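Remarks on the structure that follows.
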Amino acid sequence: MSGFKLSQIAIGLSMLGGVATAQTSTLNQAQLNNLAQDLQVSYQVIDNVNAGGCDDKFGGGKCFDARISLKVSQDFSAADWQLYFSHTTPIQKDSSELFDITHVNGDLHIIRPSTAFKGFKAGQVYDIPLKGTFWHASASDQMPNYFVVADGLKPAIIESTREIKDQDSQLTYNQHVAPLSKPEQYRRSQEDSLPLADAQWLYNHYEDVNSAQSPAHAARIIPAISAVQLDGASVDLSGGIAIKQSDVIAHALEYLDARGITVNQNGVAVSFVDDQSLATDAYHLKVSDKGIQVTSASGSGRYYALITLATLAQDAKVPSGQYQDQPRYPFRGMHLDVSRNFHSKDMVLRLLDQMASVKLNKLHFHLADDEGWRLEIPGLPELTDIGAYRCYDPTETQCLLPQLGAGPNRDAPGNGYYSVADYQEILAYAKARHIEVIPSLDMPGHSRAATRSMMARYNKFMQQEKPELANEYLLTDLQDTTVYSSVQFYNDNTINPCLPSSYRFVSKVLNEINKMHQDAGMPLNRYHIGADETAGAWKESPACADIIAENNMDDPEQLTAYFVEKVTKIVNAMGITAGAWSDGLSHVEQEKLAPRIQANIWDALFWQGHNRAQDFANRGWDVVLSIPDALYFDFPYALDPLEPGYYWASRNTDSFKVFRFMPDNLPAHAEFWPNRMGTPFTAKDDSPLKPGASFLGMQGQLWSETVRDDNRAEFMIYPRLHAMAERAWHKADWELAYEAGREYGPTTDYFGSAQEAGLRQDWAGFSQALVSKYLPAMVDKVMFRLPPPGAKVVEGTLHANTLWPGLQIEYRQVNGVWTVYQGPVNVQGKVELRSRLPGMQRSSRITLVN
């Protein structure tokens, strides 16, 4: 809504979609509620592959054909209603004479009856053919909670579009989305050659992945220990351990206690030795019948040693011997987006527990984006009073517009924020687990929650005739008439980099967060500014015209670099290291930044992303690998329309793929990973790593556009988190060493048979440890994913397997009962399969084999 006279927002007219809605409806509330209860909505993707007539202004001319169908069981004659719904890509056009679809902002759309609409007839299906942008090849591309609106009445959610829970997997799904069973429905284009992960494909994949047999190793934990020397005996700790407690190891003692090893002054003695020659987080652990000795250079080293001791314990017995361990990277992180959809404080605390158990030490906490601002900032209540909520309020004086299927109600699950006390509790919890919290509030792009909240603040103080306060933290140039569309189709989501008030806002927010950290006893060492771009913004901003002229800029696009430079100086002046995403940093002149900056690399490998990662490392920056090909946990585990998640870079990121990621040799993946469409590519090493240059670390990412509740968040994170932690801490022998300038592709064979064999043997040990040591401890605590079984039927005999040996497979024939699969068995007709952890009620998603 750039150029909209912002003082008009306070009046009662809604101009959404260009139609005023101030007149009184002929409907009453009961009739509107009845429509919401009765209306059956169906969304069906017709064809992603062969759609024609696409609009070149959207998605590079790529579109798909789909259909929204409406049906009621009782006649309904009224036409003065509007149906709001989320559609993650803009609908380019519809082909219905009875209804019109309008794009509002972001993913929000409206269906309005046209003048030709004379009411619904009972039982009649009303189809609205449409063309959407790009493709929709997954059920999770569609959003729930369509809602109907009429003037003067309370909006009502269409009951048929509410999510419902699957009783086997305990996940929610959209009941209004028709199955995507045809290739043109689950493929994205003619170029999409990735195979569907049906039961047969899964069977072959699991058979290949698990081709090596590895005997259980008593000392195999996650992540693997660097060097182990066992003497064949064990030490019984059931009588407890004698140890001097301290804040440094307090949580580790809780972890030991949960495994039956208590603090008891008559127990096995634990002593600590300080050795400053060891790296931070490194430790040596010596276990014998004479006692336990921990050698380290830091409190975190002592902590990790005790976490290892607890994990090694089986029935309170630990293999005796010597363990030497140190991390591969100092930065081992997990990114959690709570802005697109809010996740509870309890979920965050559970995440911190799981991170600590596998020695991860950084939580990249993404607290603000277009769809929500999730942290209370004293002095700026609008950020959370308005910016933390999405509901039906066209004026946006009470909340933001509904997005991502949020629905019309302020109390919806995806809404909410952390109070100062909540945030400080999270900080204290993280500190006890030796995890640093890195807050992230995205800007200047992806900032709609902030810009709209501060606009509401502006209007409030202008109405009170307090212009000085109104303009104090204003983030928008009121005279800016620029028309643009962000990557997620917003037209008003950028902080204007040319206003002094924008930098007052940044300083205010940063100072308040810094104080929260200080008061919680966890100094703010790193702050992530985002630095996302919004192409096309600020071109018609008078404030920016002055800045462009003063700084001899050639293009408004250079204003992102200008903003990043100024904000990083504010951050650095407080003694804090600034972090940013790689695209925002790519346009900034290095000499205008502090020598130390955190650069998160999200460039895909098939887009030659290794070159940017290596270039930034050569600059001496703190490069944190956030590679989407393997480290985006909001992507599907496998190519199946029922596997949730976005898939713009990968559609098959299971735990094995994460496990085989080689972070020190990024171009090498071109030998065995194709691009997002399944086409092989060649990685050219155009920016080779210089001698001495290296990466600071790596982190997994969970973005939350399609992750609407805590269960789904945990389903997407675990156990990929464990595989990522393995690679962040431990460098495996089978990994291929980096050689500067070497080119990799489908025809090269540097990752040979010896590496393949070593990889699979290591995976066998990892998966055994996962199923025996980690997943059982997670039952009833977190909602981890169980991989569905693979299966094939050969001459009437069912063969089944699973990704992790040790899971229980169950099958049933048509109208049959669930039976534990013990081995190949004769079957007839269609067979359903599921997997579960022995003794666990919840199962995997059900697969089908003929």
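Here LEU171 does not qualify as touching a residue at least 24 places away in the same chain (Cβ under 8 Å), assigned by TED's automatic domain parsing to the domain that holds ALA764, more than 27 Å from ASN33 (Cα to Cα) and under 28 Å from the mean Cα position of the chain (by Cα).
Using the structure shown, decide if LEU35 is of a type outside the set (Phe, Trp, Tyr), in contact (Cβ under 8 Å) with a residue 24 or more places away in the chain, buried (at least 20 other Cβ atoms within 10 Å of the Cβ) and farther than 18 Å from HIS109 by Cα.
Working: of a type outside the set (Phe, Trp, Tyr): yes; in contact (Cβ under 8 Å) with a residue 24 or more places away in the chain: yes; buried (at least 20 other Cβ atoms within 10 Å of the Cβ): yes; farther than 18 Å from HIS109 by Cα: yes.
So LEU35 fits the description; yes.
Could you tell me whether THR384 is surrounded by fewer than 22 Cβ atoms within 10 Å (Cβ to Cβ) and either assigned to a loop (DSSP other than H, G, I, E, B) or on the phi > 0 side of the Ramachandran plot (or both)? For THR384, the condition - surrounded by fewer than 22 Cβ atoms within 10 Å (Cβ to Cβ) and either assigned to a loop (DSSP other than H, G, I, E, B) or on the phi > 0 side of the Ramachandran plot (or both) - is not met.
Any residue that is of a type in the set (Phe, Trp, Tyr) and surrounded by fewer than 20 Cβ atoms within 10 Å (Cβ to Cβ) - is there at least one of those in segment 504-515? For segment 504-515, residues of a type in the set (Phe, Trp, Tyr) and surrounded by fewer than 20 Cβ atoms within 10 Å (Cβ to Cβ): absent. Please tell me if SER453 is outside any helix (DSSP H, G or I), touching a Phe, Trp or Tyr at 6+ places or on another chain (Cβ under 8 Å), crowded, with 22+ Cβ neighbours inside 10 Å and among the hydroxyl-bearing types (Ser, Thr, Tyr). No; evaluated as a whole, the condition is false for this residue.
So is SER694 of a type in the set (Ser, Thr, Tyr), in a loop (DSSP other than H, G, I, E, B), more than 30 Å from VAL348 (Cβ to Cβ) and modelled with pLDDT of 95 or more or not?
Values: of a type in the set (Ser, Thr, Tyr): yes; in a loop (DSSP other than H, G, I, E, B): yes; more than 30 Å from VAL348 (Cβ to Cβ): yes; modelled with pLDDT of 95 or more: yes.
Yes, satisfied.
Show me the strands (runs of 3 or more DSSP E) found entirely inside segment 188-306 where at least 1 residues are touching a residue at least 60 places away in the same chain (Cβ under 8 Å), farther than 23 Å from TYR329 by Cβ and of a type in the set (Val, Ile, Thr). Before the answer, list the steps.
Numbers: elements: 227-236, 268-274, 283-288, 291-296.
Strands (runs of 3 or more DSSP E) meeting the threshold: 227-236.
Of everything in segment 457-484 that's of a type in the set (Phe, Trp, Tyr) and in a loop (DSSP other than H, G, I, E, B), which residue is surrounded by the fewest Cβ atoms within 10 Å (Cβ to Cβ)? Per the criteria, the residue is TYR484.
With the condition kept exactly as written, say whether any residue in segment 586-596 is of a type in the set (S, T, N, Q), in a helix (DSSP H, G or I), more than 17 Å from PHE681 (Cβ to Cβ) and free of Cβ contacts under 8 Å to residues at least 40 places away in the same chain. Before you say what the answer is, go through the steps one by one.
First, pick out the residues of segment 586-596 that are of a type in the set (S, T, N, Q): 586, 590.
Retained after the next criterion (residues that are in a helix (DSSP H, G or I)): 590.
Subsequent filtering for residues that are more than 17 Å from PHE681 (Cβ to Cβ) retains 590.
Still in the running and free of Cβ contacts under 8 Å to residues at least 40 places away in the same chain: 590.
Yes, because at least one residue in segment 586-596 is of a type in the set (S, T, N, Q), in a helix (DSSP H, G or I), more than 17 Å from PHE681 (Cβ to Cβ) and free of Cβ contacts under 8 Å to residues at least 40 places away in the same chain.
Checking the structure you have, find out if any residue of segment 608-615 is out of contact with any strand residue (DSSP E or B) (no Cβ under 7 Å at 6 or more places or on another chain), touching a residue at least 12 places away in the same chain (Cβ under 8 Å), surrounded by fewer than 23 Cβ atoms within 10 Å (Cβ to Cβ) and under 25 Å from SER193 (Cα atoms). No.
If I filter segment 97-107 for residues that are free of Cβ contacts under 8 Å to residues at least 24 places away in the same chain and in contact with a strand residue (DSSP E or B) (Cβ under 6 Å, 6 or more places away or on another chain), do I get at least one hit? For segment 97-107, residues free of Cβ contacts under 8 Å to residues at least 24 places away in the same chain and in contact with a strand residue (DSSP E or B) (Cβ under 6 Å, 6 or more places away or on another chain): present. Please work out which residue is farthest from VAL104 (Cα to Cα), limiting yourself to segment 363-394 and to residues that are touching a strand residue (DSSP E or B) at 6+ places or on another chain (Cβ under 8 Å) and among the β-branched types (Val, Ile, Thr). This residue is THR384.
Out of curiosity, is VAL235 at pLDDT 95 or above and either aliphatic (A, V, I, L, M) or within 23 Å of ASP353 (Cα to Cα) (or both)? Yes, satisfied. There is no residue in segment 273-282 that is β-branched (Val, Ile, Thr), under 27 Å from GLU436 (Cα atoms), modelled with pLDDT of 95 or more and surrounded by 15 or more Cβ atoms within 10 Å (Cβ to Cβ).
Checking each residue in segment 821-831 for being crowded, with 19+ Cβ neighbours inside 10 Å and not in a loop (DSSP other than H, G, I, E, B) picks out only VAL831.
Would you check if ILE222 is touching a His at 6+ places or on another chain (Cβ under 7 Å) and either within 15 Å of THR308 (Cα to Cα) or of a type in the set (S, T, N, Q) (or both)? It would help to see each step written out before you state the result.
Details: touching a His at 6+ places or on another chain (Cβ under 7 Å): yes; either within 15 Å of THR308 (Cα to Cα) or of a type in the set (S, T, N, Q) (or both): yes.
For ILE222, the condition - touching a His at 6+ places or on another chain (Cβ under 7 Å) and either within 15 Å of THR308 (Cα to Cα) or of a type in the set (S, T, N, Q) (or both) - is met.
Residues that are part of a helix (DSSP H, G or I) and touching a Lys or Arg at 6+ places or on another chain (Cβ under 8 Å) are absent from segment 531-553.
Are there strands (runs of 3 or more DSSP E) fully within segment 743-820 with at least 3 residues that are touching a residue at least 60 places away in the same chain (Cβ under 8 Å) and not assigned by TED's automatic domain parsing to the domain that holds GLN170? List them. It would help to see each step written out before you state the result.
Numbers: elements: 790-794, 797-801, 808-813.
Ranges flagged: 790-794, 797-801.
Summed over segment 314-358, residues that are more than 26 Å from PHE633 (Cβ to Cβ) and in contact with a helix residue (DSSP H, G or I) (Cβ under 8 Å, 6 or more places away or on another chain) total 3. Scan segment 90-120 for residues that are in a loop (DSSP other than H, G, I, E, B) and under 18 Å from LEU404 (Cα atoms) and the total you get is 3.
Matching residues to (1) within 16 Å of ARG457 (Cα to Cα); (2) in contact (Cβ under 8 Å) with a residue 40 or more places away in the chain; (3) of a type in the set (S, T, N, Q):
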site	(1), (2), (3)
GLU468	yes, no, no
GLU472	yes, no, no
PRO497	no, yes, no
PRO500	no, no, no
LYS508	yes, yes, no
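Residues of segment 554-575 include none that is out of contact with any Gly (no Cβ under 9 Å at 6 or more places or on another chain), closer than 29 Å to TYR738 by Cα and either modelled with pLDDT under 95 or part of a helix (DSSP H, G or I) (or both). If you go through segment 192-219 and keep only what is exposed (fewer than 13 other Cβ atoms within 10 Å of the Cβ) and over 20 Å from GLU643 (Cβ atoms), you end up with GLN213, PRO215, ALA216.
In segment 82-96, the residues that are under 25 Å from TYR647 (Cβ atoms) and among the aliphatic types (A, V, I, L, M) form Cβ pairs under 8 Å with partners that are in a strand (DSSP E or B) and modelled with pLDDT of 95 or more, at six or more places apart or across chains, as follows: ILE91/ILE101; ILE91/HIS103; ILE91/HIS109; ILE91/LEU130; ILE91/LYS131; ILE91/GLY132; ILE91/THR133. For segment 398-445, the tally of residues that are crowded, with 20+ Cβ neighbours inside 10 Å, without any contact (Cβ under 8 Å) to a residue 60 or more places away in the chain and assigned to a helix (DSSP H, G or I) stands at 0. Tell me, please, whether a residue that is crowded, with 23+ Cβ neighbours inside 10 Å and either in a helix (DSSP H, G or I) or of a type in the set (A, V, I, L, M) (or both) can be found in segment 640-654. No, that holds for no residue.
The values are calculated or read from the model by the stated rules, or taken from the named source; none is laboratory data. What you are looking at is a predicted structure, and each value in this text was computed from that prediction instead of being measured. Positions of Cβ are generated from backbone atoms using ideal geometry, with glycine treated the same way; all protein chains shown enter the neighbour counts.
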